[in-house]
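Data first, discussion second: the structure below is written as structure tokens.
The values are calculated or read from the model by the stated rules, or taken from the named source; none is laboratory data. Predicted model, so just to flag it, every value in this text is computed and none were measured. Don't worry about glycine lacking a Cβ; one is built from the backbone with ideal geometry, like all the others, and counts go over all protein chains shown.
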Amino acid sequence: MARALIIFGSTTGNTENTAERIGGILNAKGLEVTVQNVSDATPGDEAGYDLVLYGCSTWGEDEIELQDDFIDYYEAMDKAALGGKKVGVFGCGDSSYTWFCGAVDAIEEKVRNIGGTLVAEGLKIDGEPDDYEDEIDAWATGVAAA
Ligand SMILES: Cc1cc2nc3c(=O)[nH]c(=O)nc-3n(C[C@H](O)[C@H](O)[C@H](O)COP(=O)(O)O)c2cc1C
């Protein structure tokens with residue numbers, strides 16, 4: 001059975017809820033899924049997984065800021081074992097800010113730089129994830145089949 005790891009950073013719970021929803025879809029598609037808070041994750045944990053998904057919300061006014069808990073992980077991501085792995089990135093944000101879901105773009109760039117293969121365009125959620133259930137389910141279904 002293919003194994004998927006979902007690592008999320010979330011301050012108010014939106015990206016966490018999205019991670020759990022994506023995990024449920026992947027599970028229903030037959031993948032063995034681990035959903036992990038980035039606070040409990042270390043780059044290198046990706047070893048042994050076929051699919052790795054990163055979820056991170058965006059904070060900050062004057063520049064892109066990753067969700068607080070994700071910053072240390074991001075800085076150490078060069079040690080992530082992504083070679084040959086399928087990777088996807090998602091996150092919650094608010095399009096009234098200059099850098100809408102900038103964390104998704106920043107993590108995708110990092111993934112490309114360290115040899116991961118992005119299998120879907122980043123999923124950017126504008127506002128409440130409850131309003132994006134169809135988009136979330138479609139994205140998760142796509143990465144499960146990638
Ligand atoms: C002070 C502040 C700054 C924010 N900055 C951004 C931003 O630059 N870009 C963006 O897309 N969303 C921004 N947001 C919106 C959050 O990312 C959004 O509320 C998100 O749903 C939070 O997700 P989380 O609960 O998973 O942390 C900001 C929100 C606050 C309160």
_Count of the range 1-50 residues which are part of a strand (DSSP E or B) and within 14 Å of the ligand (Cβ to nearest atom)_ = 6
*Within the bounds of the range 78-92, is there any residue that is in a helix (DSSP H, G or I), within 14 Å of the ligand (Cβ to nearest atom), modelled with pLDDT of 95 or more and not aromatic (F, W, Y)?*
no
*Residues of the range 1-18 being free of Cβ contacts under 8 Å to residues at least 40 places away in the same chain and within 19 Å of E108 (Cα to Cα), which ones?*
E16
*Might you let me know whether the range 53-75 holds any residue that is assigned to a loop (DSSP other than H, G, I, E, B) and hydroxyl-bearing (S, T, Y)?*
yes
_So for the range 93-108 (the condition being assigned to a helix (DSSP H, G or I), free of Cβ contacts under 8 Å to residues at least 12 places away in the same chain, more than 10 Å from the ligand (Cβ to nearest atom) and charged (D, E, K, R)), does at least one residue qualify?_
no
